[in-house]
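*Asks:* Starting off with a structure, shown below.
The values are calculated or read from the model by the stated rules, or taken from the named source; none is laboratory data. All of these numbers come straight from a predicted model, not from anything done at the bench. No Cβ is skipped: glycine too gets one built from the backbone with ideal geometry, and neighbour counts run over all protein chains shown. Heads up: the accessible areas ignore ligands, DNA and RNA and are worked out on the full protein's heavy atoms, side chains in. Shrake-Rupley method; radii C 1.70, N 1.55, O 1.52, S 1.80 Å.
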Amino acid sequence: MQNQLPPGQFETETWPILHQGDVYNFNKDTWSFRLFGEVKEETSLSFSDVMKLPKTISTIDMHCVTTWSKFATTFEGIAMRELVNLVELNEGVKYVKIYGYYNGDRFGYSANLPLEPLLGDDALFVYRWKDQNHEWQDITPKHGYPLRLIPPDSFYLWKGSKWASGIRFMKEDEAGFWEELGYSMTANPFKEERYR
Ligand SMILES: Nc1nc2c(c(=O)[nH]1)N[C@H]1C(S)=C(S)[C@@H](COP(=O)(O)O)O[C@H]1N2
Ligand SMILES: [Mo]
């Protein structure tokens with residue numbers, strides 16, 4: 001958290017909702033989270049597996065490419081590194097693609113990111129947040145319940161896949177949903193990397 005407004009952004013107090021397609025309908029019994037790609041052994045976690053992992057609380061700034069920024073939202077979630085720790089990576093893994101739901105397809109949305117900057121306390125798969133009254137609330141289905149990535153503030157928020165379904169580990173960078181449509185591979189708001 002740095003409460004710093006990147007170029008071309010304005011501050012909002014509310015947490016806007018933005019996504020393509022319909023809203024994922026969560027079912028605890030069928031939900032799963034896949035760790036796959038360049039790993040020694042692929043694995044799949046149930047919702048209770050994920051919820052048994054260590055929790056992290058972080059306060060993170062969000063910057064959406066449509067020009068709104070929301071400072072200092074406090075989230076609770078599972079740090080990306082806790083999930084990375086569950087698999088043995090192949091030599092040379094440098095990127096990940098984080099998948100999410102899109103129109104009936106659990107893997108229809110995705111965003112590519114470099115792995116290394118996601119290993120700190122500011123890259124969380126979140127399930128709850130502190131609202132305007134400083135009360136803990138589950139994130140709403142529209143914000144990605146039961147689990148969505150909030151990326152570090154050095155990435156635009158489209159990198160934060162809602163209704164997250166898995167992480168694919170990669171040696172080479174590969175465009176995701178918005179990146180294929182012309183958005184930036186690196187997406188640093190402070191360098192105003194909106195398009196490729
Ligand atoms: N599955 C999925 N995740 C998504 C999107 C989407 O369309 N589908 N939109 C992205 C975009 S462009 C933004 S700005 C953020 C918005 O998150 P919010 O609605 O919780 O503010 O979600 C990102 N994650
Ligand atoms: Mo966005």
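*Asks:* Skip the ligands, DNA and RNA, and give the accessible area per residue of the range 10-69 with a 1.4 Å probe, whole Å².
*Replies:* Here the residues of the range 10-69 average 56 Å² of exposed surface.
*Asks:* A further question on this structure: Note the full-extension length gain between residue 44 and residue 188 as 0.36 nm times their separation in residues minus their Cα-Cα distance, in nm to one decimal.
*Replies:* Full-extension gain reported as 48.8 nm.
*Asks:* What are the semi-axes of the equivalent ellipsoid for the range 1-84, taken as the square roots of 5 times the Cα gyration tensor eigenvalues, largest first, in whole Å?
*Replies:* Result for the range 1-84: semi-axes of 30, 17, 14 Å.
*Asks:* How much length would be gained if the chain were fully extended between residue 85 and residue 171, taking 0.36 nm per residue of separation minus their Cα-Cα distance, in nm to one decimal?
*Replies:* 29.2 nm
*Asks:* Dividing the Cα radius of gyration by the Kirkwood radius, what Rg/Rh value follows for the range 118-196?
*Replies:* We get a ratio of 1.00 for the range 118-196.
*Asks:* Here's a follow-up. How high is the relative contact order of the chain, in percent, with contacts defined as C-alpha pairs under 8 Å that are six or more residues apart?
*Replies:* Averaging sequence separation for qualifying contacts and normalising by length gives 26 percent for the chain.
*Asks:* Okay, moving on. What distance in nm lies between label points placed 7 Å from Cα along the C-beta direction at residue 53 and residue 119?
*Replies:* 1.5 nm
*Asks:* On the accessible surface of the chain, probed at 1.4 Å, how many percent belong to carbon and sulfur atoms?
*Replies:* Carbon with sulfur: 46 percent of the solvent-accessible area.
*Asks:* From the P(r) of the chain, could you give the percentage of C-alpha pairs in the tail past 27 Å?
*Replies:* Of the Cα pairs, 22 percent sit more than 27 Å apart.
*Asks:* With each pseudo-label sitting 7 Å past Cα toward Cβ, what's the residue 94-residue 196 distance in nm, one decimal?
*Replies:* Computed distance between label sites residue 94 and residue 196 equals 1.6 nm.
*Asks:* How far apart, in nm, are two points set 7 Å out from the Cα along the Cα-to-Cβ line at residue 2 and at residue 30?
*Replies:* Label at residue 2, label at residue 30, 4.3 nm between them.
*Asks:* How about residue 191: which lysines have a C-alpha closer than 20 Å to its C-alpha, ignoring those fewer than 8 places off in the same chain?
*Replies:* Within reach: 70, 159.
*Asks:* Using Cα positions and a limit of under 15 Å, work out the aspartates and glutamates in reach of residue 40, with same-chain residues fewer than 8 apart set aside.
*Replies:* Cross-link targets: 88, 91.
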